[in-house]
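Can you read through this structure? Questions will come right after.
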Amino acid sequence: MRLAACLLFVASAALVVRAQGPEFDLLIRNGHVIDARNGVDAVTDVAIAKGKIAAVAASIAPSRARDVVDASGFYVTPGLIDIHSHVFWGPEVNAAYSNGYSAVQPDSHSFRAGQTTLVDAGGSGWRNFPQFKEQVIDRSKTRVLAFLNIVGSGMKGGAVEQNLADMDAKQTAARIKEYPGVIIGIKVAHYAGPEWDPVIRAEEAGREANVPVMVDFGGHTPPLSLEDLLLKYFRPGDILTHAYAHVNGRVPIVDEETGKVRPYVWEARKRGVIFDAGHGAGSFLFRQAVPAMQQKFYPDVISTDLHIGSMNGGMKDMLNTMSKFLNMGMPLKDAIKANTAKAAEVIKRPDLGHLGVGADADVAVLTLRRGKFGFVDVGGGKLLGDQKLECELTVKGGQVVWDLNGISRPLWNEMKEPGGRGAAVR
Ligand SMILES: [Zn+2]
């Protein structure tokens, strides 16, 4: 009797274990983890459970996880954050980046480049942000956040963006406060007049709502002073995007006569101004970036300025853009930090961009390929390089959302439940 009871107990205990399943949903083993926020730069294991990072340790037994990825030879990083993209796509004719054709669908570009968070840079303004949220943010697997345009109607191009009467600091700040953590900043772009008003009003809203201002500077007639923007109008934490551009109506950060980064640009960095790559289709030139890198003026953040004009040009995607910086001499760990921990800090979302236990399980597994590669800037100039980042696997909230070579999957002829859990990406 006693033996029977004992056996029954053992059997039921085993059933409980089986019903509960393994402790972790996914284990990424043996990868070189770069997590700047938590000071990790070493080969280590990362375990995920219930959509969160559950453990980070030198050796975690594979038997403790349902699915196991061998990331030997790969880099494992927090999911990348792109602080400048254009994803308010929609059917409105002549609406550019604000419910228009020039913006792109976030999920078609994000995960394949290791990105789990895309920040739309000013597509919507306070008037049409609710439409952007319903139409794109709430329907995307990618985490989509937003800089709100200081123009109430957003980035629709043409006369809409020249209308000072539609740049309202109070309404802008009020909308930001309605969506804390989703609207993470304010964007100023494309205004061509001689006034500072768009910047002044964005700064007023930024102070009121405690968020940074990102400025796409240039194109003013007559030109406005970059020095004044960086040292007088900007607060620490504000962002100059398109840092390595040379466009009409704005002096570039590298003085092309002396080849030096301008002293007031260094001074701005010292006072906490953020310099963002913002590559795009017209805003990144090697003749600016190469001398800046030689002088170790690295970007704080390496964003893409993703849109229909940049995606098939020199920019291509986030990893191609980051690879340019590696080949110009920026250390890999700095480039990874720029688009993880630093990007999260810039948008005031410190919950993102790291792999600490309890964080959302947003992870990228990257490979650094060695070979002969070419990289093109917006002027059509080519830089030769010998290293290129590629995305093997992307995990968003614990789910595998991109798996280039099936490293998270069993062989087809060894699957226990053919056709059941067989989808390559669940
Ligand atoms: Zn842009």
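The values are calculated or read from the model by the stated rules, or taken from the named source; none is laboratory data. Worth saying up front: this structure is predicted, and the values here are computed from it rather than measured. Quick reminder, even Gly has a Cβ in these numbers, built from the backbone with ideal geometry, and neighbours come from all protein chains shown. Just the protein is used for accessible areas: all its heavy atoms, side chains included, with ligands, DNA and RNA removed. Shrake-Rupley method; radii C 1.70, N 1.55, O 1.52, S 1.80 Å.
For the stretch 116-135, which residues satisfy the criterion of being closer than 23 Å to I302 by Cβ and within 16 Å of the ligand (Cβ to nearest atom)?
L118, V119, D120, A121, G122, G123
Same structure, new question: Among the residues of the stretch 73-88, is there at least one that is in a loop (DSSP other than H, G, I, E, B), within 30 Å of V43 (Cβ to Cβ), hydroxyl-bearing (S, T, Y) and more than 14 Å from the ligand (Cβ to nearest atom)?
no
Does the stretch 317-340 hold any residues that are in contact with a Phe, Trp or Tyr (Cβ under 9 Å, 6 or more places away or on another chain) and either within 16 Å of the ligand (Cβ to nearest atom) or touching a residue at least 60 places away in the same chain (Cβ under 8 Å) (or both), and which are they?
N320, T321, S323, K324, N327, L332, I336
Would you tally the residues in the stretch 142-165 being more than 22 Å from the chain's Cα centre (by Cα) and open to solvent by 10 Å² or more (accessible area, probe 1.4 Å)?
So the count comes out to 10.
Tell me the residue from G206, G259 that is more than 24 Å from the chain's Cα centre (by Cα) and either more than 22 Å from N339 (Cβ to Cβ) or within 16 Å of the ligand (Cβ to nearest atom) (or both), please.
G259
Out of all the residues in the stretch 397-421, which are open to solvent by less than 40 Å² (accessible area, probe 1.4 Å), under 20 Å from the mean Cα position of the chain (by Cα) and touching a residue at least 40 places away in the same chain (Cβ under 8 Å)?
Result: G397, G398, V400, V401.
Shifting gears a bit: Checking A113 against (1) among the aliphatic types (A, V, I, L, M); (2) farther than 15 Å from M318 by Cα; (3) more than 16 Å from the ligand (Cβ to nearest atom), which test does it fail?
Answer for A113: the failing condition is (2).
Quick check on this structure: which one of V68, V76, V40 is at negative phi and open to solvent by 50 Å² or more (accessible area, probe 1.4 Å)?
Exactly one of V68, V76, V40 is at negative phi and open to solvent by 50 Å² or more (accessible area, probe 1.4 Å), namely V68.
Moving on. When the stretch 93-109 is examined, which residues are found to be away from the ligand (no atom under 14 Å from the Cβ) and either free of Cβ contacts under 8 Å to residues at least 60 places away in the same chain or in a helix (DSSP H, G or I) (or both)?
Those that are away from the ligand (no atom under 14 Å from the Cβ) and either free of Cβ contacts under 8 Å to residues at least 60 places away in the same chain or in a helix (DSSP H, G or I) (or both): V93, N99, Q105, P106, D107, S108.
Hey, among the residues in the stretch 212-244 that are touching a residue at least 60 places away in the same chain (Cβ under 8 Å) and within 14 Å of the ligand (Cβ to nearest atom), which one's nearest to H190 (Cα to Cα)?
Residue satisfying both the conditions and the ranking: D216.
Let me ask another. For the stretch 229-256, enumerate the residues that are of a type in the set (D, E, K, R) and either at pLDDT below 95 or within 13 Å of Q288 (Cβ to Cβ) (or both).
R250, D255, E256
Kindly indicate which of V43, V33, V68 is in contact (Cβ under 8 Å) with a residue 40 or more places away in the chain and closer than 24 Å to N339 by Cβ.
After ruling out the rest, the residue left standing is V33.
Are any residues in the stretch 276-306 within 10 Å of the ligand (Cβ to nearest atom) and crowded, with 24+ Cβ neighbours inside 10 Å, and if so, which ones?
Correct list: G278, H279, G280, S283, S303, T304, D305, L306.
Also, quick follow-up: State all residues of the stretch 151-179 that are in a loop (DSSP other than H, G, I, E, B), more than 28 Å from P78 (Cα to Cα) and either away from the ligand (no atom under 16 Å from the Cβ) or among the aliphatic types (A, V, I, L, M) (or both); if no residue qualifies, say none.
The answer is G152, S153, M155, N163, D168.
Can you name every residue in the stretch 134-150 that is in a loop (DSSP other than H, G, I, E, B) and free of Cβ contacts under 8 Å to residues at least 60 places away in the same chain?
Result: V136, S140, I150.
From the list F132, F88, F111, exactly one residue is touching an Asp or Glu at 6+ places or on another chain (Cβ under 6 Å) and among the aromatic types (F, W, Y). Which is it?
Only one candidate passes the filter, namely F88.
Also: Search the stretch 178-196 for residues that are over 26 Å from A344 (Cα atoms) and pair each with any residue that is within 16 Å of the ligand (Cβ to nearest atom) and at pLDDT 95 or above when their beta-carbon atoms are under 6 Å apart and the residues are at least 6 apart or on different chains.
Close Cβ pairs (under 6 Å, with a partner that is within 16 Å of the ligand (Cβ to nearest atom) and at pLDDT 95 or above) amount to Y191/P198.
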